[in-house]
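Right, one structure below, let's go through it.
The values are calculated or read from the model by the stated rules, or taken from the named source; none is laboratory data. Quick caveat: nothing in here was measured; it's all calculated off a predicted structure. As a convention, Cβ positions derive from the backbone with ideal geometry for all residues, glycine included, and neighbour counts pool all protein chains shown.
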């Protein structure tokens, strides 16, 4: 029952999919529930795939993928894109650690945030438009899952950078190597079912890319925050699209 509760919690927290269920959760349920984050990504992917099939009946592919990205933002509430922007605003400010953390927590949006979000969305749309119809279905299914592998791995290999409370603390404090392994037991078979051996290669690469991105972002502030978890999620999706395209060309 606790596993079902944590799965539903992840749907409620990571998406804007209506799920009118009142859950009695503890702080640790957030971190341990990240085991199901990639599975929630598959649900998002299924929504994107259904939307794409409907949109391409009316619009050309390059227009349909733009709408698909808009639907993705609506389904997630821009949660991870917000983290991406805050992360780039803070880390590219060239300030001391405490000031970086203040900037990341500031609700105002700076130039670096806007540029990072625009670049990621443009790359995502361009890469999606480059895939052939033969591969589009599996790519849309796997893309959000790839991002949420990033959130799981990033939480599991990090310590919390702030001295006080924060949105990411409950995820980072209660997610570790055990949760990464449990999550892999879920997402590796799903990646294989969708894309065969290429799916396994992609999943392994995404696990590694999430680890590298987290360590790069964590260097300046001595750990991770909720914003960094969001940034790794979004960037891992972009890494997946680029890697998948190269993998198909090989």
Condition test on residue 188, is it modelled with pLDDT under 95 and under 17 Å from the mean Cα position of the chain (by Cα)? no
For the range 197-205, check the following and say yes or no: at least one residue is under 29 Å from residue 162 (Cβ atoms), assigned to a helix (DSSP H, G or I) and either touching a residue at least 12 places away in the same chain (Cβ under 8 Å) or more than 15 Å from the chain's Cα centre (by Cα) (or both). no
Taking the range 26-39, which residues are buried (at least 24 other Cβ atoms within 10 Å of the Cβ) and within 12 Å of the chain's Cα centre (by Cα)? 34, 37, 38
Might you check whether a residue that is more than 18 Å from the chain's Cα centre (by Cα), at negative phi, at pLDDT 95 or above and not in a helix (DSSP H, G or I) occurs anywhere in the range 124-131? yes
Output the residue which, of all residues in the range 60-80 that are within 16 Å of the chain's Cα centre (by Cα) and part of a loop (DSSP other than H, G, I, E, B), is surrounded by the fewest Cβ atoms within 10 Å (Cβ to Cβ). 77
Out of 213, 200, 241, 229, which single residue is at pLDDT 95 or above, surrounded by 15 or more Cβ atoms within 10 Å (Cβ to Cβ) and within 18 Å of residue 42 (Cα to Cα)? 241
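Let's see how each residue does on (1) in a helix (DSSP H, G or I); (2) touching a helix residue (DSSP H, G or I) at 6+ places or on another chain (Cβ under 6 Å):
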| residue | (1), (2) |
| --- | --- |
| 29 | yes, yes |
| 35 | yes, yes |
| 82 | yes, no |
| 90 | yes, yes |
| 93 | no, yes |
| 100 | yes, yes |
Pick out the one residue from 77, 90, 166 that is farther than 30 Å from residue 198 by Cβ and touching a strand residue (DSSP E or B) at 6+ places or on another chain (Cβ under 9 Å). 166
Which residues, taken from the range 152-181, are touching a residue at least 60 places away in the same chain (Cβ under 8 Å), part of a helix (DSSP H, G or I), crowded, with 18+ Cβ neighbours inside 10 Å and more than 16 Å from the chain's Cα centre (by Cα)? 170, 179
